[in-house]
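Input: a single structure, listed below in structure tokens.
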Amino acid sequence: MAYTTISTDSLGTGVGFHRPEVPVFEPLTPTDPAIKAMTDLKKVSARTIFPKESIETANQKMIQNRIRMLFVVNISDEVIGLITANDILGEKPVRIAQQDQKKHSDITVQDIMTPVDQIDCFQIKDVSTARVGDIVETLKSKKRQHALVVDYQGFSNKRTIRGIFSLNQIARQLGIQVRSYAVGDTLAEIARVLQA
């Protein structure tokens with residue numbers, strides 16, 4: 001079989017590149033399918049950080065990406081934990097600084113992250129039949145701001161994180177003004193909508 005050449009152009013200056021589209025989260029009601037409130041990692045790139053990086057670096061990365069959670073990964077790109085803005089801005093750094101005699105600037109992601117063995121997750125098959133209210137009720141019972149959704153991928157059927165639920169994102173989609181990033185405050189606001 002003979003192949004032909006394809007014409008080329010000079011790239012030029014000032015050229016960017018495609019990025020995943022910013023997801024558009026539509027307004028929801030508590031009875032809507034839960035999958036509509038999930039950030040789908042097949043459509044949006046996960047944001048990650050290494051465990052030895054400073055919590056200040058993690059905080060800046062969250063601010064730049066307008067998110068409140070990062071996956072903590074090892075050099076093999078396997079998730080070993082999570083770190084949230086609440087972890088960084090809450091009591092954990094103060095406790096670590098006092099307990100380990102560290103300066104705030106020396107506290108690493110690894111010092112305050114939630115390790116993978118302490119992270120609960122949903123199965124995608126359960127999420128696909130759940131309602132938004134079911135997710136909120138589960139987050140409420142676990143006193144969690146975020147929940148992960150797992151799926152199985154590839155020939156080896158490897159367990160993989162497929163999506164993320166964020167209490168603040170759900171609140172915004174329900175039309176609730178998020179005034180505080182405290183889990184209890186957000187849950188109280190959502191509870192009022194669920195009871196309406």
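Summary table below
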{"item": "Any hit, the stretch 40-53, residues being buried (at least 17 other Cβ atoms within 10 Å of the Cβ), under 17 Å from Q145 (Cβ atoms), in contact (Cβ under 8 Å) with a residue 12 or more places away in the chain and of a type outside the set (D, E, K, R)", "result": "no"}
{"item": "R131 vs. criteria exposed (fewer than 13 other Cβ atoms within 10 Å of the Cβ), touching an Asp or Glu at 6+ places or on another chain (Cβ under 9 Å) and at negative phi", "result": "no"}
{"item": "Search result, residues across the stretch 67-83 that are closer than 16 Å to E56 by Cβ and modelled with pLDDT of 95 or more", "result": "L70, V72, I83"}
{"item": "Tally of residues being part of a strand (DSSP E or B), modelled with pLDDT of 95 or more, within 17 Å of S166 (Cα to Cα) and within 15 Å of the chain's Cα centre (by Cα) across the stretch 32-66", "result": "1"}
{"item": "Among residues of the stretch 70-95, those that are more than 18 Å from L167 (Cα to Cα) and assigned to a strand (DSSP E or B), counted", "result": "5"}
{"item": "Exclusive hit being more than 24 Å from P30 (Cβ to Cβ) and touching a residue at least 40 places away in the same chain (Cβ under 8 Å), set I112, I119", "result": "I112"}
{"item": "Selection count, the stretch 96-117, where residues are in a strand (DSSP E or B) and farther than 19 Å from M69 by Cβ", "result": "0"}
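Yes/no matrix, rows are residues, columns are (1) within 28 Å of T129 (Cα to Cα); (2) out of contact with any helix residue (DSSP H, G or I) (no Cβ under 9 Å at 6 or more places or on another chain):
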residue	(1), (2)
L11	no, yes
P27	yes, no
P30	yes, no
K52	no, no
E56	no, no
K61	no, yes
I67	yes, no
T84	yes, no
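The values are calculated or read from the model by the stated rules, or taken from the named source; none is laboratory data. This is a predicted model, so every value here is computed, not measured. Ideal geometry is used to build each Cβ from the backbone, glycine not excepted, and the neighbour counts take in all protein chains shown.
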